[in-house]
Amino acid sequence: MIEILSSLPETIAALEDGDPDLKRAHLGNALSVIKGSLPENSWVGIYYDNGRQLILDAFQGTPACETIAYGKGVVGQCFSTGQAIAVEDVTAFPGYICCDAAAKSELCVPIIKGNKIQAILDIDRPDHHRFETEIKTYEEIAKILANWL
Ligand code: SME
């Protein structure tokens, strides 16, 4: 199922049904919806902060690095700066952490809850993609995902 990016926030928000027991299910389905909007061999997942480092949470795609230190890689820098980071060519990003040789571009967006960055939404694509115009939409999606952490 290919979803148009602009319709993703609405599609994802519609997963909410008010049952707190289904938060993790919503999260997994939301990542599946995002992955369905991306080219084949893309990866989408969440790294959460356990107070000491960032740890792999729900994801869709090939196996990935399980831990990332604060400030390291695109994920760790996104967490430490609190800003979305769009990387068109991962080989040009200082300190890039390679989990998947197919990844060529990456977007990381903080997931903020109660004024604190709880996790990072991470997207890898197998092409050199410019995510800049998509950041706002993914930030909107990150706000919805924050309800399900
Ligand atoms: N490339 C990331 C590591 C996580 S994977 O992309 C799943 C980074 O540099 O932080």
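Readers should treat all values here as calculations from the given coordinates under stated rules, not as data from a laboratory. Just so it is clear, the structure is predicted and the values come from calculations on it, not from any experiment. We place every Cβ from the backbone using ideal geometry, glycine too, and count neighbours over all the protein chains shown.
Using a Gaussian network model of the chain with C-alpha springs under 10 Å, which one of Ala69, Ala101, Ala30 is most mobile by mean-square fluctuation?
Judging by the Gaussian network model, the answer is Ala101.
Quick one: net charge around Asn147, please, counting Lys, Arg +1 and Asp, Glu -1 for every other residue with C-beta under 13 Å from its C-beta.
Details: positive: Lys23, Arg24, Lys113, Lys143; negative: Glu16, Asp17, Asp19, Glu140.
Here the count lands on 0.
Name the residues whose placed amide hydrogens come within less than 5 Å of the amide hydrogen of Asp127, ignoring near sequence neighbours (fewer than 5 apart) on the same chain.
Answer set, sorted by chain and number: Lys104, Ser105.
So which of Lys23/Lys72; Lys35/Lys116; Lys113/Lys136; Lys35/Lys143 end up more than 24 Å apart, counting from Cα to Cα?
The pairs that break the limit, which is 24 Å between Cα atoms, are Lys23/Lys72; Lys35/Lys116.
Would you grab the residues whose amide H sits under 5 Å from the one on Tyr70? Only those 5+ places off in sequence or on another chain, please, with H modelled 1.01 Å from N.
HN-HN under 5 Å from Tyr70: Leu54.
Net charge near Asn41: determine it from the other residues with C-beta under 13 Å of the C-beta of Asn41, scoring Lys and Arg +1 and Asp and Glu -1. Walk me through the numbers on the way to the answer.
Numbers: positive: Lys35, Lys104, Arg125; negative: Glu40, Asp100, Asp124, Asp127.
Summing Lys and Arg as +1 and Asp and Glu as -1 gives -1.
Place the peptides 87-95, 107-115, 130-138 in order of packing, highest mean first, counting for every residue the other Cβ atoms within 10 Å and averaging per peptide. All intermediate terms of the calculation are to be shown ahead of the outcome.
Working: 87-95: 13.3, 107-115: 18.0, 130-138: 15.0.
In descending order of packing, they fall as 107-115, 130-138, 87-95.
Please give the per residue volume of the convex hull enclosing the alpha carbon atoms of the chain, rounded to a whole number of Å³.
Numbers: hull volume 15.4 nm³, N = 149.
Convex hull volume per residue, Cα atoms: 103 Å³.
What does the charge count near Thr62 come to, summing +1 for each Lys or Arg and -1 for each Asp or Glu among other residues with Cβ under 11 Å from its Cβ? Numbers along the way, then the final one.
Numbers: positive: none; negative: Asp100, Asp124.
Residues close to Thr62 contribute a combined charge of -2.
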